[in-house]
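K.L.:
Mind looking over this structure? Questions follow.
The values are calculated or read from the model by the stated rules, or taken from the named source; none is laboratory data. Because the structure is a prediction, the values reported are computed rather than measured. Here the Cβ is made from the backbone with ideal geometry for all residues, glycine too, and neighbour counts use every protein chain on show.
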């Protein structure tokens, strides 16, 4: 069997490529892959190659068919087989705010998860939207690569969500996220009269709650550093929630639930936040306005583009549930 390396598979380690390729073969274990590479059962361009060799365009990865066994069909389950509703091309296009040769930028609504899971097996997820759009609109064929999102989001957080259309772009966005070369700005609505400016510099620790079967963060002086900068855009008196504030936020570190736990620690909980928020306010939010999610929205997302080398900024509209409580302007 022979695999020709294209641009979506180039510049990655030989062993990493084989690990991705063998995911759909349940009998293949990690040690099998490394054993085959060492024993020359898998070759590159007819020669023995080391695990760390970085594949180049037009390289040929060769191995015998009987090296692999039966595919795990669960890895190939489609949205149709999960019995979710059929997605139309126009419906998906309405969610896309930008597209070029490298990126597809979605305006993710709240209430939609990124990937299917045991808890959301029959729910539409953002990966369904992406895969359907790719299959209907793009011509991308690769043994180990398919357009992918560069990061994950909370189900109830709405915001700009970017997918890489090729492996080089995916590598790039992963790199600039790791090096903190992306600027993200959020909007949220909090309880209280927020100050004009607030810088929160508090370390966080992730813990697991057995009672609720979920992880959450706590403030811990000796753990992971986290920094959140906030500006008050508007404070109003609301007949149901007293004083509430529309707050713009920029984060320098990207920790799990960072914004929500930081604001709660300063006694400005996010409206609708069931983990760190005010339960009495949240109940009233649902009863009065039928809003059952934390009001946190990634508003702007910007970075230096891989092709043009110029700054790209993407901005999504303020969600309707925000405007039902407090207007942006």
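K.L.:
If a residue counts only when it is in contact with a strand residue (DSSP E or B) (Cβ under 6 Å, 6 or more places away or on another chain) and more than 20 Å from residue 182 (Cα to Cα), which strands (runs of 3 or more DSSP E) contained entirely in segment 216-329 have at least 2 such residues?
P.N.:
227-238, 242-251
K.L.:
I've got another one for you. Test residue 281 against the stated conditions and say whether it is more than 23 Å from residue 207 (Cβ to Cβ) and either free of Cβ contacts under 8 Å to residues at least 24 places away in the same chain or buried (at least 21 other Cβ atoms within 10 Å of the Cβ) (or both).
P.N.:
Judged against the criteria, residue 281 is not a match.
K.L.:
Let me ask another. Of 251, 275, which residue is under 25 Å from residue 170 (Cβ atoms), modelled with pLDDT under 95 and in contact with a helix residue (DSSP H, G or I) (Cβ under 8 Å, 6 or more places away or on another chain)?
P.N.:
Exactly one residue qualifies, and that residue is 251.
K.L.:
Please indicate, with yes or no, whether at least one residue in segment 27-35 is in contact with a helix residue (DSSP H, G or I) (Cβ under 8 Å, 6 or more places away or on another chain), modelled with pLDDT under 75 and buried (at least 19 other Cβ atoms within 10 Å of the Cβ).
P.N.:
Within segment 27-35, one or more residues are in contact with a helix residue (DSSP H, G or I) (Cβ under 8 Å, 6 or more places away or on another chain), modelled with pLDDT under 75 and buried (at least 19 other Cβ atoms within 10 Å of the Cβ).
K.L.:
Go through the residues of segment 179-186 one by one and say whether even a single one is at positive phi and either part of a loop (DSSP other than H, G, I, E, B) or within 14 Å of the chain's Cα centre (by Cα) (or both).
P.N.:
Within segment 179-186, one or more residues are at positive phi and either part of a loop (DSSP other than H, G, I, E, B) or within 14 Å of the chain's Cα centre (by Cα) (or both).
K.L.:
Tell me, which residue of segment 89-108 that is in contact with a helix residue (DSSP H, G or I) (Cβ under 8 Å, 6 or more places away or on another chain) and touching a residue at least 40 places away in the same chain (Cβ under 8 Å) is nearest to residue 186 (Cα to Cα)?
P.N.:
Among those residues, the one meeting the criterion is 108.
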